[in-house]
Amino acid sequence: MREIPVHNDTKHNMHVAGAVIRPGETRLFPEHDVPEKYLPEAKAAEEEKKPEADPIAEIAKGTVAAVLMTLPSLDEEALGKVEAAENEGQKRKGVLEGIAGERLRRAATAATGPEAPQA
């Protein structure tokens, strides 16, 4: 009979098959006693279901300073997505002004050429 390890990675006691698993502990149980959600196959399937994190949404969740630091590295499409996320979410003045400033900087660079000295 196969034994399945069940690890408690929460801050609270877990109850499995009539036993208590304290936070941070792992206990072995016979496979037929383990609820389906704790089986390795179920956990693997659950991990596959999780959507990948949207990098633009992660940028938009950052502090104003963190968002402003990433703006120069974004392409125009990503910059637009950050702006849309900000308008749908927190609508922080500093971020929106930073996006507008980045667009102006890019327009000025495109108009004068990248070799021209900046004032």
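The values are calculated or read from the model by the stated rules, or taken from the named source; none is laboratory data. Everything numeric in this text was worked out from a predicted model, so none of it was measured. Cβ placement follows ideal geometry from the backbone for every residue including glycine, while neighbour counts extend to all protein chains displayed.
Here are the numbers for the structure shown:
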read-out	value
Residue in the stretch 46-57 that is touching an Asp or Glu at 6+ places or on another chain (Cβ under 6 Å), at pLDDT below 90 and part of a helix (DSSP H, G or I) present	no
Residue match in the stretch 35-42 (condition: under 23 Å from the mean Cα position of the chain (by Cα), outside the structural domain of Gln90 (by TED's automatic domain parsing) and either part of a helix (DSSP H, G or I) or modelled with pLDDT under 75 (or both))	yes
Output for the stretch 62-91, where each listed residue is in contact with a helix residue (DSSP H, G or I) (Cβ under 6 Å, 6 or more places away or on another chain) and among the charged types (D, E, K, R)	Lys81, Glu83, Glu86
Scope the stretch 67-93; condition surrounded by 12 or more Cβ atoms within 10 Å (Cβ to Cβ) and either of a type in the set (Gly, Ala, Ser) or touching a strand residue (DSSP E or B) at 6+ places or on another chain (Cβ under 6 Å) (or both); matching residues	Ala78, Gly80, Ala84, Ala85, Gly89
